[in-house]
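Let me begin by presenting the structure, written as structure tokens, before commenting on it.
All of the numbers you see were taken from the coordinates with simple rules; none came from a lab. These numbers were taken from a predicted model, which means no experiment stands behind them. Don't worry about glycine lacking a Cβ; one is built from the backbone with ideal geometry, like all the others, and counts go over all protein chains shown.
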Amino acid sequence: MRRGAESRGPLPLIAMATAVVLIMGLLPGALRADAGVRLTANVSSTHVRVGEPFRYTVTVFSSSGSVPQPQLGALTGVDVVGRSTSQSFSFVNGSLSASSSTHYTLVARRPGTLTIPPATITVGGTLIQSNPVTVTVDTAAPTPPSPSGSGAAQAPPASGANPPAHRSSASRPDIWLELEPEKRTVFVGEALPVNIRLYSNTALAGYGLEPMTPSGFWIEEAELPKKPEVEQKTVRGQRVYSVLVRRLILFPTKPGRLTIPSQKGTIQYYVRKRQRDPFEEFFRHPFFNDPFFRDPFFDRSVLVVEETEARSKPLAITVKSLPRSRFRRNHVPVGRFTIAARLKKRTLAVNEGTTLTVTIQGRGTLQGSNIDTPPEVPGCNVFPSQTRRSFEADRNSYRGTLVAEYAVVGLAEGRYTVPPIPFTFFDPERKRYVTISSESLPFVVEGTASAAPIPGVTAQGPATPVNRITGEQKDLIDIHTEYRPRRRRRPLSSTQKILLNLLPWTLVLLSALDRRRRILLRDPAYAARVRAPARVRAALSDAVKALSSPEVSEFYRLLYLAIAEEIAAKFSVPAPSVQPERVSAILQGAVPEEKIRTIRDFLEICHRRRYSPETPERAEKKRDLETARNLVKTLGRIKVRNR
């Protein structure tokens with residue numbers, strides 16, 4: 001045993017240095033790896049009729065804060081009559097993940113098998129495609145008159161009511177849309193539900209609504225039942241149908257007099273038309289006025305579907321600023337909320353952890369809000385785990401939810417208490433700021449800390465004195481005299497000396513990289529600011545490559561992405577939330593008004609040209625590229641404090 005221990009050379013040091021150098025080379029690559037992106041597509045129904053609207057949804061899942069905009073393939077035999085989007089974000093273990101769903105309302109023009117090609121996105125030069133979707137389109141057939149919306153099933157009229165008769169081709173139907181808000185005066189950030197109703201004095205076959213993006217509002221769209229509820233009302237002295245076709249929850253982002261634009265739509269309705277009959281003059285004889293011949297069996301008319309345009313009147317809303325208070329901050333929630341906290345376990349061992357969950361929910365949105373004061377428990381470590389935000393709305397209610405989770409670790413035996421956790425919001429009904437708190441949560445830490453045993457090492461008692469070797473123990477003397485002398489170690493080679501000299505610097509570099517990785521994981525806002533310049537440069541570089549490409553949409557998408565990434569990193573907001581209508585609210589106070597207008601106009605130009613069928617000249621694209629570079633430089637020189 002002693003011989004084996006003495007014969008070891010410098011091999012362990014060489015192996016250790018080699019492993020450290022390999023890890024040093026692999027770690028930066030791991031830190032630079034980009035998160036994955038997935039793309040899926042589905043439809044609300046795989047069997048539809050000609051002229052019947054259905055919903056086609058494209059969803060992008062991204063494990064980073066940036067969600068690219070998908071591009072539709074070439075659609076044949078189908079019309080796009082509506083479009084809406086929804087987004088969600090979540091923080092899990094310090095990492096930001098996001099998903100974005102784009103809903104298209106489609107109407108098939110002819111029967112047969114309709115194949116919707118895959119939607120595509122480009123991430124880092126890689127083309128990602130969704131799954132193709134196949135829809136069977138049947139021939140349109142007259143059905144009992146009842147309105148059915150985009151992706152909604154048919155609903156019969158209310159029982160016991162006398163529905164309006166089908167219009168003849170000679171009469172003009174009275175069809176209109178109307179915006180119905182819950183109130184006309186709100187505060188900045190307060191939820192404003194707006195119902196969009198369709199009124200008609202004739203039976204409806206279907207409808208399609210155009211997307212509506214009012215300036216100065218953050219929009220959430222409520223989920224309506226697939227089967228619309230049809231009501232009958234007396235409006236303007238006549239009996240009409242009333243159908244709730246859309247429900248929007250608007251959140252104003254700035255004070256003043258704001259306008260909700262008109263809601264436009266295409267409405268399909270039933271009309272009875274008589275067929276041309278060569279014996280029509282013959283059957284006009286008074287003999288055929290008998291009630292027997294007026295039976296529906298002898299009716300020569302058919303039921304057809306016609307189309308008309310409808311729009312609502314614009315709606316003016318008064319938005320008031322929040323009152324000044326010491327509680328005011330950039331993302332103060334507005335509404336009425338409740339707070340609750342709970343511990344997963346109330347009895348812990350030393351160095352054992354449990355989960356503290358804080359739930360805030362109520363009537364309002366909590367996007368961009370956080371806990372005012374993270375919990376602090378003396379004698380324990382409290383680490384933030386994850387934060388989830390959501391917003392749900394239907395035809396009757398809406399609710400925002402924020403769930404924050406913390407890991408609590410007891411360091412010593414004793415009794416501890418999680419103090420009440422405060423949360424401040426503005427109550428628009430009371431017209432003042434309100435602070436609520438959760439209940440205090442007591443818990444107990446039992447036992448003492450015990451160190452884990454080291455493998456291969458056993459506990460030893462006090463050292464015992466060594467007996468001297470005497471003549472009676474000659475066997476030990478013989479063993480000692482027969483021991484061979486120790487062999488000399490080989491001198492280190494020049495390569496080994498270089499590796500040993502590099503070992504301390506390698507360890508220092510690994511420690512610095514590990515510290516930077518921990519900071520990036522702990523502070524998502526700092527990570528976004530650090531990684532934003534590389535993403536902006538990559539977007540502008542890809543835009544230069546796409547300058548000569550005939551694909552105009554990709555070129556202006558990259559310019560839009562460069563500006564959005566720079567703003568998101570500077571002002572600690574998710575990049576997908578940087579929209580033209582929200583730029584003023586984000587940049588207000590940090591950027592001059594003239595520059596804000598320039599940035600907003602440029603983003604609107606990029607957004608418009610992405611979907612415009614016109615192709616701009618190369619010189620015009622060069623000017624837009626130079627404008628994007630100048631705006632990025634302007635935003636890079638801005639110093640933001642306490643955002």
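Computed quantities for the displayed model
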quantity: Charge context of Pro70, other residues only, Cβ under 13 angstrom, K/R +1, D/E -1; calculated: +3
quantity: Calculated over segment 537-643: convex hull of Cα atoms, volume per residue (Å³); calculated: 91
quantity: Ranked packing of 616-629, 188-201, most packed first, by mean Cβ within 10 Å; calculated: 188-201, 616-629
quantity: Asn370 paired with Thr495, simple spin-label distance in nm, labels 7 Å along Cα-to-beta-carbon; calculated: 5.1
quantity: Nearest-0.05 FRET efficiency for Lys273 and Arg342, computed from C-beta distance (R0 56 Å); calculated: 0.25
quantity: 11 Å beta-carbon shell around Thr338, net charge (K/R +1, D/E -1); calculated: +3
quantity: Length added when fully stretched, Arg537-Lys595, from 0.36 nm per residue minus Cα-Cα; calculated: 18.8 nm
quantity: Residue-span extension gain [Val304 to Leu521] - 0.36 nm each, minus C-alpha spacing; calculated: 71.9 nm
quantity: Theoretical FRET efficiency, 1/(1+(r/R0)^6), r = Cβ-Cβ of Thr417 and Ser63, R0 45 Å, to 0.05; calculated: 0.75
quantity: Residue-count net charge about Thr357 - beta-carbon cut-off 11 Å; Lys, Arg +1, Asp, Glu -1; calculated: +2
